[in-house]
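**Student:** Could you have a look at this structure, given as C-alpha cells, before my questions?
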Protein chains: 2
Amino acid sequence: MSTSRCTTRVVAVCGGVGGAKLALGLYRVLAPDTLTVVGNTGDDFEHLGLHISPDLDTVLYTLSGLADRERGWGRSDESWDFMEALAELGGEDWFRLGDRDLALHVLRTQRLRESTALSAFTAGIARRLGIHARILPMSDDPVRTIVDTSEGLLPFQRYFVQRRCEPTVRRILFDGAATARGQADAVAALRSHATDAIVICPSNPYLSVDPILAVPTIRAALKAASAPIIAVSPIIGGQAVKGPTAKIMAELGVEATSATIAAHYAGLIDGLVIDPSDGAEAATIKLPIELAPTLMRDLDDRKTLARRVLDFAARLASERAPGYRAVHREAR
Amino acid sequence: MSTSRCTTRVVAVCGGVGGAKLALGLYRVLAPDTLTVVGNTGDDFEHLGLHISPDLDTVLYTLSGLADRERGWGRSDESWDFMEALAELGGEDWFRLGDRDLALHVLRTQRLRESTALSAFTAGIARRLGIHARILPMSDDPVRTIVDTSEGLLPFQRYFVQRRCEPTVRRILFDGAATARGQADAVAALRSHATDAIVICPSNPYLSVDPILAVPTIRAALKAASAPIIAVSPIIGGQAVKGPTAKIMAELGVEATSATIAAHYAGLIDGLVIDPSDGAEAATIKLPIELAPTLMRDLDDRKTLARRVLDFAARLASERAPGYRAVHREAR
C-alpha cells in the first residue's frame, strides 16, 4: 500500500454480509476517518415492536470486530436466553435476536421514538464502538424492500429469513424510496470533490444495493460524482459466494454472470472488479475491468481486495483528462 | 386443611415480593382456579421504551415457580448479557433487566402497542406459564406512583431502584388513580357473593397496596364486599421483613407497628393478622386480630400462613349473622 493511499477518501455503498467484508478491508487499509459507508436500510423492519436495521448493524459489528464470522450475522460471543424465554411465552421467534444484539435494537427503538434520526443514532453507536469511519443510512426516511414472489408480496425479512428465500422472485419493490430523502452527509460525500473513490461493495445488487440506488438524491449524487465509481461483482464462476443472488438472478431471467452485473450497473459505474476465474467475460463487458480475487475468506483477502479496488480507482482517475466527468455513466 | 377449603374462592390484593409470598401460599393451598390476584400497577413504568410491570411480573414469576428467591425479583437462572451490551452502548443501566425477563417486557410492550389490554396480556402469559389462578392488574388504565421526597417528586422506580429509597418520603401520590377504572374482573371478584375471603397481602401498604385502593371502583368494591377482608401486617417487631416499609413509616410520622397498619386499613378491613411477637399490640387494636407467624422463609411458612388467614376469614364469616355487612368497615 502506497503512502498516498492513507489519505484517500472513499465512500463505500454497502448492503449486508458480503459488502461488509469489503468495507472492513477498506476500513483497515485506509487512514482513520477517511471511509464513509452508505448502508442499506431497505431491509430494516419493525419486529416485536423493535426497530431492526440488519445491514447497518452488520456494518457496525463488522467494523468494530464484534461480528460473528461463522454465523454471518449478529455478534460473536452471543447468548440466546431472550429468544428461549420469548418462545416459551408464545412470542414470534422466526427472527433470531441474540441477548447482546438486542441491546442495540432496544436502544435504537427508544431513540427513534424520541425523534433521534437513524443517522444520528448510528453515528453515536459507531463512536461508542470505537469505529473511525462514518456509517450512514442511505436515508433517515423509511424505505422498505418488498419482494413480489410466487407467494405474493413479502416484506424483505419475511422472504429472506422466515421463508429462507424459497419463494420465486418476480420483482423487487422499494416502498418509500421514491419520496425518501438521501441522508444529507451521504449525498454530500458522494458528490464531494474530496472523495477519491466510490465503491459499490459485492452485496446482492437486487436486494441490497438497489434499495440504496432507488433513493433519488443518492442516485443523482452518484451520477454527478466526480470520483470514479467502482463496483465489485458478487458473482464468481456463475455462483454467489453466499446468499440467494444467483437464485434470484435466475428467477429474474438473467444469467448469473459478472457480465449481467456490469449490465445492471451500466450507466452508473466507471469500472467493475471481477474474479480472475471469470476473466473470459471481460471481453464482453463494455467497461474497464479489473481482474482481482473477490473471494474474501479472511482479513488478508479483504485488505488485498480493498487495495486492488483502490488502485483500480486511482488508475481510472489518473487516466482522465482534467475536468473529467465519468465517460461510462449515461443518463438512464 | 379441611376439604371445604378446597373450593374456597379468594381474592388476594397484592403488591410485590412480600405480598407475592403469601399469594403463593394461597395458590398452593387453594384448589385450582379459585384464586384471583389483584396486582399493583402503580410501579409500572416505561423504561428503554419498554412497558415494565414489576409487581405483576413478581406475581407471575412467583406463582409459576420462575422467580429468583435470593434476589427477590426477576427470574431464576437468569443471564445479564443484554445489560452488559446496553451499558457498552451507553444505554441506561440503573434498572436491571435479565435476558429472559426481557422477553416478557418486549412482548408486553408489543401487545400494548397493538391495543391489547394489560389484563388480557397478563392473563395470556399466566396461561402460558401454567398458572391456575387469575392475575389481574388493578386497572387497565395507567396509574403511576409518584413519591414526593426531600429530593422532589420522583417516579416510583427512580425512588425505589435508582435512589434505593434513600430520599426522605413526604407524601405518596397515585397519578391517574382518581380517573382509572378498576379492572372489571377484579371489581366483580371483590364484589362477588361467591368470594369467600379477600386478603390484603403483606406488601408495603403505602407504596404497593394504597395505589390499588386509590382506584375508586376497587375501593368501592372492597367497601361493598360481602366476603370478610383480612389484612396481613407487613410489620414484625417494629421492622419490615424486607424493603423500606419501616423507614417510610418513620418518615411519614407514624410508628412502625402493626397497630399503625390496623389504623391505616381501618374502615376497610374486618380483621388483621399480626405476628405473635407483636401480640402485646393486639389489645390496642379495635379489630379482630389473629396471631400467626408472618415471617415466610420457605414454602411451608407461606402455606401455613395462608391456611391461618383462610381459617381466620372463615371464622369471621361464620360469626356473622345472615345478611351481614362488614361491621368494622365504615364510610371514610
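**Student:** Can you give the log10 of the normalised intensity I(q)/I(0) at q = 0.05, 0.09, 0.10 Å⁻¹, computed with Debye over equal Cα scatterers of the protein assembly as shown?
**Tutor:** Each listed q corresponds, in turn, to -0.34, -0.78, -0.87.
**Student:** Quick one: grab the alpha carbon gyration tensor of the range B:112-176, order the square roots of its eigenvalues as a ≥ b ≥ c, and give me rounded if a/c is under 1.5, else prolate or oblate depending on whether a/b is larger than b/c. Display every interim value, and only then the final one.
**Tutor:** Numbers: a/c = 3.12, a/b = 2.29, b/c = 1.36.
Since a/c reaches 1.5 and a/b is larger than b/c, the shape of the range B:112-176 is classed as prolate.
**Student:** Once the piece of chain linking A:Ala188 and A:Arg28 is laid out straight, how much longer is it, given 0.36 nm per residue of separation minus the C-alpha distance between them? Before the final figure, lay out each step's value.
**Tutor:** Numbers: separation 160, 0.36 × 160 = 57.60 nm, distance 2.31 nm.
That works out to 55.3 nm of additional length.
**Student:** Shortest first, in nm, what separates the label point of A:Leu291 from those of the same position in the other copies (7 Å along Cα→Cβ)?
**Tutor:** In ascending order, 10.0 nm.
**Student:** May I pose another question? Return the percentage of antiparallel bridges among DSSP beta bridges fully within the range A:1-73, rounded to the nearest 5 %. Walk me through the numbers before you get to the answer.
**Tutor:** Details: 3 of 8 bridges.
Roughly 40 percent of the DSSP beta bridges within the range A:1-73 come out antiparallel.
**Student:** Here is a further query. From the Cα gyration tensor of the range B:147-301, with a ≥ b ≥ c the square roots of its eigenvalues, which class applies: rounded if a/c is under 1.5, or else prolate if a/b is larger than b/c, or else oblate?
**Tutor:** Numbers: a/c = 1.82, a/b = 1.09, b/c = 1.67.
The shape class here is oblate.
**Student:** Say a label goes 7 Å from Cα toward Cβ at A:His132 in every copy; what distances in nm does this one have to the rest, shortest first?
**Tutor:** Those separations, rounded to one decimal, come out as 6.6 nm.
**Student:** Another question, if that's okay. Give the dimensionless ratio obtained when the Cα radius of gyration of chain B is divided by 2.2 N^0.38 Å. Before the final figure, lay out the partial values.
**Tutor:** Details: Rg = 19.0 Å, N = 332, 2.2 N^0.38 = 20.0 Å.
Dividing the Cα Rg of chain B by 2.2 N^0.38 Å gives 0.95.
**Student:** If amide hydrogens are placed 1.01 Å from N in the peptide plane, which non-local residues have theirs closer than 5 Å to the one on A:Val273?
**Tutor:** A:Ala231, A:Val232, A:Ser233, A:Glu290
**Student:** Now, a different point. Mind computing the radius of gyration and Dmax over the alpha-carbon atoms of the range A:65-125? Å is fine for both.
**Tutor:** 13.3, 36
**Student:** Rounded to whole Hz and in sequence order, give me ³J(HN,Hα) for the range B:120-131 from the Karplus expression 6.51 cos²θ - 1.76 cosθ + 1.60, θ = phi - 60°, writing x for Gly and Pro.
**Tutor:** Taking θ as phi minus 60°, the curve returns 5, 4, 4, 4, x, 5, 4, 4, 4, 8, x, 8 Hz for the range B:120-131.
**Student:** For n ≥ 4 DSSP H runs only, could you compute -39500 (n - 2.57) per run for chain A, divide by its residues and tell me the 222 nm figure to the nearest 500? Before the final figure, lay out each step's value.
**Tutor:** Numbers: 11 runs with 114 residues, N = 332.
Computed mean residue ellipticity for chain A: -10000 deg cm²/dmol.
**Student:** To continue, here is another question. How many Cβ atoms of partner chains, on average, are near each residue of A:83-95 if near means within 10 Å of its Cβ? Write down the numbers at each step before the final one.
**Tutor:** Values: counts 3, 3, 12, 6, 1, 7, 10, 5, 7, 2, 1, 0, 0.
Counting other chains' Cβ atoms within 10 Å and averaging over A:83-95 gives 4.
**Student:** While we're here: Below 8 Å, C-alpha to C-alpha, sequence gap of six or more: please give me the relative contact order for the range A:28-90 in percent.
**Tutor:** On the way: 39 pairs, mean separation 10.7, N = 63.
That works out to 17 percent.
**Student:** Mind counting lysine pairs for me in the protein assembly as shown? Cα separation below 22 Å, and the two need to be 8 or more apart along the chain or on different chains.
**Tutor:** Summing the qualifying lysine pairs gives 10.
**Student:** Nearest beta-carbon of A to the rotation axis carrying it onto B: which residue, how many whole Å?
**Tutor:** Checking which Cβ lies nearest the axis yields A:Asp99, 2.
**Student:** In addition: So what is log10(I(q)/I(0)) for the range A:169-222 at q = 0.30 1/Å, when the Debye sum runs over its Cα atoms only?
**Tutor:** The Cα Debye sum returns log10 ratios of -1.24.
**Student:** Among bridges DSSP assigns within the protein assembly as shown, what percent are antiparallel (round to 5)? Could you put the intermediate results ahead of the total?
**Tutor:** Working: 34 of 78 bridges.
Within the protein assembly as shown, antiparallel bridges account for around 45 percent of the total.
**Student:** Roughly what % of DSSP beta bridges within chain A run antiparallel, to the nearest 5?
**Tutor:** Numbers: 17 of 39 bridges.
Antiparallel: roughly 45 percent of the beta bridges in chain A.
**Student:** If I stretch the segment between A:Ala250 and A:Arg170 completely, what's the gain in nm (0.36 nm per residue apart, minus their alpha carbon distance), one decimal?
**Tutor:** So the extension gain works out to 27.8 nm.
**Student:** So, in nm, how far is label B:Glu92 from label A:Leu295 when the simple model puts each one 7 Å beyond its Cα toward the Cβ?
**Tutor:** 5.1
Since every read-out is calculated from the coordinates, none of them should be taken as a lab result. All values reported here derive from a predicted model rather than from experimental measurement. Backbone-built Cβ (ideal geometry, glycine too); neighbour counts: all protein chains shown.
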